[in-house]
1. Filter the stretch 144-185 for residues that are buried (at least 21 other Cβ atoms within 10 Å of the Cβ), free of Cβ contacts under 8 Å to residues at least 40 places away in the same chain and more than 16 Å from the ligand (Cβ to nearest atom) and give the result.
2. Would a scan of the stretch 57-65 turn up a residue that is surrounded by 13 or more Cβ atoms within 10 Å (Cβ to Cβ), within 17 Å of Asn297 (Cβ to Cβ) and in contact with a helix residue (DSSP H, G or I) (Cβ under 6 Å, 6 or more places away or on another chain)?
3. Conditions: (1) without any contact (Cβ under 8 Å) to a residue 12 or more places away in the chain; (2) assigned to a helix (DSSP H, G or I); (3) closer than 28 Å to Asn246 by Cα. Arg319 meets all but one. Number of the miss?
4. Of everything in the stretch 85-101 that's small (Gly, Ala, Ser), farther than 17 Å from Pro62 by Cα and out of contact with any Asp or Glu (no Cβ under 9 Å at 6 or more places or on another chain), which residue is nearest to the ligand (Cβ to nearest atom)?
5. Between residues in the stretch 276-293 that are closer than 16 Å to Arg71 by Cβ and residues that are of a type in the set (Lys, Arg), which pairs lie under 8 Å by C-beta distance while being six or more apart or on different chains?
6. Quick one: what pairs do we get from the stretch 121-139, first residue closer than 19 Å to Ser368 by Cβ and open to solvent by less than 30 Å² (accessible area, probe 1.4 Å), second aromatic (Phe, Trp, Tyr) and assigned to a loop (DSSP other than H, G, I, E, B), C-beta under 8 Å, 6+ apart or different chains?
7. Does Tyr141 satisfy the condition of being part of a loop (DSSP other than H, G, I, E, B) and under 20 Å from the mean Cα position of the chain (by Cα)?
8. Considering only helices (runs of 4 or more DSSP H) fully contained in the stretch 1-112, which possess at least 3 residues that are closer than 24 Å to Gly278 by Cβ?
Amino acid sequence: MNPLLATLQPYPFERLNQLFASVTPNAAYGHISLGIGEPRHATPQLVLDALAGATGELAVYPPTAGSLALRQACAGWVARRYGIDLDPTGQVLPVNGSREALFAFAQAVVDPRVVNATVICPNPFYQIYEGAALLAGAKPYYVPSDPSRNFNIRWDGIDDVVWASTQLVYVCSPGNPTGAVMPMGDWETLFDLSRRYGFVIASDECYSEIYFRDEPPLGGLEAAARAGFVDFKNLVVFTSLSKRSNVPGMRSGFVAGDAKILKQFLLYRTYHGCAMSGMVQAASIAAWNDEAHVIANRELYREKFAAVTPMLAEVLDVRLPDASFYLWAAVPGGDDEAFARDLRAEYNVTVLPGSYLARHTEAGNPGSGRIRMALVAETAECVEAAQRIVAFVNRRKNK
Ligand SMILES: Cc1ncc(COP(=O)(O)O)c(C=O)c1O
C-alpha cells in the first residue's frame, strides 16, 4: 500500500463519534445536530426538472472538460457575479464538487521530488487540504487564523524559508469554520508573495453566496483582476453548487483561473476519469443560470442567523460571521471537547469541538476553546438548539 495513507489524520467526525461513544444523551430531548455542514434547505425545482429532462445523457460518456454549454454557463455566472470575462474553453473546468477538485489539484500541482515540498493550509481548516498535501508527498504547513484580524491570516508573518519551499497555498474565503472573508489587502500580500516565490494559490470559495453583509464576498479572481493580474497567473478558484443551490448530493462545481494550470489539471483529470455526468451537467447549467433561488436561499440563512446569533451571544463569545453557514464561538471555560460532550449528554445537541478542525503547532491549537455550529437545519430547530445551549451554559455557571 501507499505508505502515505498512514499519514492521514482521523476525520473530525470520527473523533466526534469517539467523544460521544460513552455519552448517553438525555432522553427528554430529541437530537439536534449542528455538527455536519451539509445544506438542508430544499433543492430548487428547476434543478430537479433539468436533471429529469436529461436522462438521455446516460447513454454517452461525458467529456472530462464538460460541455461548452456548461463552461459558458460557469463563465456567465463569473461575469455576472464578479464582472470578469473568462474564456470558457481555457479558463473554466467543471468538477464533481469542490472537495474532489481541492484534493486532486494538489496531486496535479505538487512536485514531490523537491526536498521539503510544502503546502500551506489555514489553521483551522477544511480537512481535505491536509490529506491532499500529504498524499501528494508534501508537508503541510499550518498558519493560524488570527482572531484579532477577523480570523484572517497574517501571510506576511510566514518565514521566508517556508515560502521558499512552498508550492501550493490553500485559501478558504469565506472560511470554514470562521466565516471570514479575506480582504483585498491580504490578497495583495499573497499575490506579491506568489510572484516572488512562484507558488500556486488554490482559493476555496464554496461559501461565497451565503453572506450577511450588504456587499458580496470578494472573490480570488476579482481580487486578482483588481490587482492587475488579468491572466490569473498561479491562481485557481474552486466554487460549488452544493451550498449555493442546496445540491450537496449532485456533486457539481467548477474551477477557474490560470489557463496553463487548468490545461495540466484537465490532463490529470482525463487519466483520473472524473468527468461530470451529462445529467449533472444539464442540471448545473440550470442552476448557474438562475440567481433567484440563490437570493431566496441567502435570505433564509440571514433570517436564521439573525434569530440565533443574538441568543447565543448572551452566553458565548460569538458574533455574526461575514459569510458561510457556521458560527465559530468561544466557549466559557475554554474546554471545547468537554463542552461538546456535556452538551450532548445534557441537552442532546451536537456541536463540533473547534480543536478537531485545527492542528496543534508551536503556537498551540487555534481551534481549541471554540466550537463550530452549522446552522443548516430549519430556523425553528436552530432556535431550539440555541435555547438549549443557553440553558446548558447557564446551568453550568450555577453548578
Ligand atoms: C471549505 C469547504 N470547501 C469545500 C467543501 C466541499 O464542498 P463540495 O464538494 O460539496 O463542493 C466544503 C464542504 O463542506 C467546505 O466546507
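1. Trp155
2. no
3. If we test Arg319 against (1) without any contact (Cβ under 8 Å) to a residue 12 or more places away in the chain; (2) assigned to a helix (DSSP H, G or I); (3) closer than 28 Å to Asn246 by Cα, just (2) comes out false.
4. Ala101
5. That search, which allows pairs on different chains as well, returns Met276/Arg251; Val280/Arg251; Ala287/Arg244.
6. That search, which allows pairs on different chains as well, returns Gln127/Tyr11.
7. Numbers: part of a loop (DSSP other than H, G, I, E, B): no; under 20 Å from the mean Cα position of the chain (by Cα): yes.
Answer is no for this residue.
8. 45-52, 68-82, 98-109
The values are calculated or read from the model by the stated rules, or taken from the named source; none is laboratory data. Values in this document were obtained by computation on a predicted structure and should not be read as measured data. Quick reminder, even Gly has a Cβ in these numbers, built from the backbone with ideal geometry, and neighbours come from all protein chains shown. Heads up: the accessible areas ignore ligands, DNA and RNA and are worked out on the full protein's heavy atoms, side chains in. Shrake-Rupley method; radii C 1.70, N 1.55, O 1.52, S 1.80 Å.
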